[in-house]
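> Supplied in structure tokens, the structure appears directly below.
Readers should treat all values here as calculations from the given coordinates under stated rules, not as data from a laboratory. No experiment lies behind these values; they were computed from the predicted model shown. Glycine also receives a Cβ, built like all others from the backbone with ideal geometry; neighbour counts cover every protein chain displayed.
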Amino acid sequence: MPGKPAVLVKSLEKDYGGIKALKGISFEIREGEIFGLIGPNGAGKSTTLKILATLLPPDWGRAEVFGHDVVKEAEKVRMLISYLPEEAGAYRNMTGHGYLRFMAGLYSQATGKDADEMVELGIKIAGLGARLHNRVATYSKGMTRKLLLARALMVRPRLAILDEPTSGLDVSSAYEIRKRIKEFSREEGVSVLVSSHNMLEVEFLCDRVAIIEGGRIVETGTPGELKAKYEAENLEEVFVKASGRVFHG
Amino acid sequence: MGELWIMFKKELADILRDRRLLAAIIVPIILIPLLFGVLQSSSRSSSLVISVVNEDSGEYSRALIEFLEESGVVIDNGSPVRLVIPAGFSDAIKSGRSPSLLIETELSSVLDFKTVRLAGALKALVLRFGEGVFPSIRPEFRLDVGGSVLSVEPSRYVSALLRSALAVPLVLFVIGVYASQAVAASVAMEKEGKTLETLLTLPVSRRSIILGKIFASVVFSFLVLASLTLSAWAVSMLPKTSGGGPTGVSVGVGPVVFFSAGVFLLFLLMLLTSLLVSLFTLDVRSALSLAGLVEVLYLIPLLVAFAGLDVSGAAGLLVKADPGYAPLWAFLSATNGDYLRAAAAVLYLLLWNGLVLRLAVWVFESGVLMTKSIDAGKLRWLIRVKI
Ligand SMILES: Nc1ncnc2c1ncn2[C@@H]1O[C@H](COP(=O)(O)OP(=O)(O)O)[C@@H](O)[C@H]1O
Ligand SMILES: [Mg+2]
């Protein structure tokens, strides 16, 4: 489907019983692109990603994945995406390998793709070696995160939705995960929506970014464009200047 | 069906490996005998009202009546339990023969356990009186159930009834208690382990997720039942009641079919309700507490009936509106030949099932699973009440 954007978000609003998490946000992600949603904690990143992952219905506005409405065509959307929640676990009683096999079995039922092939790819992405045959309960946080990322990518989704994929990880694990996401997107042509509160990480990873703050998008563009516009050295500086404009300008 | 099979296997493995579910197995094993003990002791404290027909004019029949009155028995000719002392009772004792006695019991319905218990208590008293008299007294029984008369001891009648006609539905009900605990825990386990969000974004239908959990819980419950049966068998090996054997008691096919259908629907309703309430909880402990509360709500009418309590007024209406009452309602109506009412009771249960299923699907589809949560802290009052 040339021309159909991977993600189309229009005037999205979400209210958590009085707390306005999203106050009308709009953006578009092109196919094959790595798009970063960046902003401080509580800005509304996870809420946006949950709506796109069909977990939360929006109160107002529209969200589409490859032209399919996330509310009315949720089942179609679920065939195209895979979602890595911000705080996620794997089934603790399974081994890492068992977990990948379980997930591959379900996706294979739904999409007709080969389960063994998915598991093989998952093993490669997880990079856990022999530990893959231990129970998930024995894994460190970083190992679990790698397993979950492998699960999300091995099914070769059209769109990967990754909520803070490196949060809480040590420097080298975070670096490895970023590298894997980038390589995978390039090799497989997968569109990626990634959220982060780490501006520098996003600068390394993303083709384009949107800066979100208090439930509103304050800037969208490539890291280069934004840096030039605000005469900043990095995205962190861009963020401070851009949000300052919203508050004081 | 492939995805359902995968989900089912995963759910079953999850249930069988979770240590906290052991609590769900152990608590009822302790609770059920305790409950029976309480019911039995409460029956002893309530006053025993019987009517007496004394056709004997000797001293022993008067002694028996005196003995009964001293033991706290109230004699009232309106009672459905009647002690008939035939002529020649005293003469038989004097001449060293076993005297005969008749205990007539008129049950208002097949499930009139209150009257059955009265008759049992009377029998115990008569036997105790017999201990002081040389030849042992052997009471005979006449049981009137809705017009048909049987020469069977009421308690024997009930146990035969339970064993033959009601065994299957009762077993289903026990399974229901376990299954609803398992189902409630399985959703909460996904929340505790932070696996629910991922699960809900997989290309797996909500139906398969729900049914996978329900079927796995059913299988789990059958395993629990097997262990219960084993312990019940061990208990039954202890010498307790003599006799037994078939008594020819039967209530007919229709009532049993309606009762079974009713209990099965109630079983499903318990599972669905437990699933529904567990969707709002954050951890396994609060899910089990809430599911336990649901079970109690549905069990109240059965407990009331089996304990032989009379509940009238607004409370009585509430008990009858409880879906847990519908299987009894269906059974009693069918034994009276009123199949229209029996069918209405089953329909009532069907409606409840449909309602709760719709509600559960709606909760699944709405964002409630992501936003609303009840944790153990908020349920502290409930846990305290339980203790
Ligand atoms: N389940 C919830 N209930 C109530 N408020 C919530 C809930 N989830 C998020 N919020 C609120 O919505 C806002 C946005 O949250 P979130 O989307 O998680 O932000 P981010 O991911 O950017 O840190 C915050 O103010 C947060 O407190
Ligand atoms: Mg977040």
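> Decide, for chain A, between rounded, prolate and oblate: order the square roots of the alpha carbon gyration tensor eigenvalues as a ≥ b ≥ c, take rounded if a/c falls under 1.5, and otherwise choose prolate if a/b is larger than b/c, else oblate.
The shape class here is prolate.
> Rank-order A:175-183, B:73-81, B:210-218 by packing density, defined as the average count of other C-beta atoms within 10 Å over each peptide's residues, highest first.
Ranked from most to least packed, the peptides come out as B:210-218, A:175-183, B:73-81.
> Let me ask something additional. Just flag the chymotrypsin sites (Phe, Trp or Tyr not before Pro) in the stretch B:251-307 sitting in loop per DSSP whose Cβ has no more than 10 other Cβ atoms within 10 Å.
Filter output for the stretch B:251-307: empty list.
> Helix-only estimate, please: 222 nm mean residue ellipticity of chain A, summing -39500 (n - 2.57) across DSSP H runs of length 4 or more and dividing by its residues, to the nearest 500.
Value at 222 nm, helices only, nearest 500: -13000 deg cm²/dmol.
> Right, something else. Take the Cβ-Cβ distance between A:Glu237 and A:Lys23 as r, set R0 to 35 Å, and report the resulting FRET efficiency rounded to the nearest 0.05.
Taking R0 as 35 Å, the efficiency between A:Glu237 and A:Lys23 is 0.90.
> Distance from the Cα centre of the stretch A:181-249 to that of the stretch B:68-100, in angstrom?
Between the Cα centres of the stretch A:181-249 and the stretch B:68-100 lies a distance of 96 Å.
> Can you give the FRET efficiency for B:Leu199 and B:Ser108, using 1/(1 + (r/R0)^6), R0 = 60 Å, r = Cβ-Cβ distance, to the nearest 0.05?
0.70
> Still on this structure, I have one more. Residue-wise, which Karplus ³J(HN,Hα) couplings in Hz belong to the stretch B:64-69, taking 6.51 cos²θ - 1.76 cosθ + 1.60, θ = phi - 60°, and x for glycine or proline?
4, 5, 4, 4, 4, 5
> Tell me the relative contact order for chain A as a rounded percent, counting alpha carbon contacts under 8 Å between residues six or more apart.
In percent, rounded to a whole number, it is 25.
> Rounded to whole Hz and in sequence order, give me ³J(HN,Hα) for the stretch A:229-240 from the Karplus expression 6.51 cos²θ - 1.76 cosθ + 1.60, θ = phi - 60°, writing x for Gly and Pro.
Listing the rounded values in order: 4, 9, 6, 10, 7, 8, 5, 4, 5, 4, 4, 4 Hz.
> Something else about it: Only Lys, Arg, Asp and Glu count, each charged at its Cβ (+1, +1, -1, -1), so figure out the dipole size of the stretch A:125-249 about its Cα centre, rounded to 20 debye.
Taking the Cα centre of the stretch A:125-249 as origin, the dipole is about 640 debye.
> How large is ³J(HN,Hα), in whole Hz, for each residue of the stretch A:73-79 in order, when computed from phi with the Karplus curve 6.51 cos²θ - 1.76 cosθ + 1.60 and θ = phi - 60°, using x for Gly and Pro?
10, 4, 5, 5, 4, 5, 6
> Using DSSP to call loops (not H, G, I, E or B), can you name the trypsin sites (Lys or Arg not before Pro) in the stretch B:89-158 whose Cβ has at most 13 other Cβ atoms within 10 angstrom?
The qualifying sites are B:Arg97.
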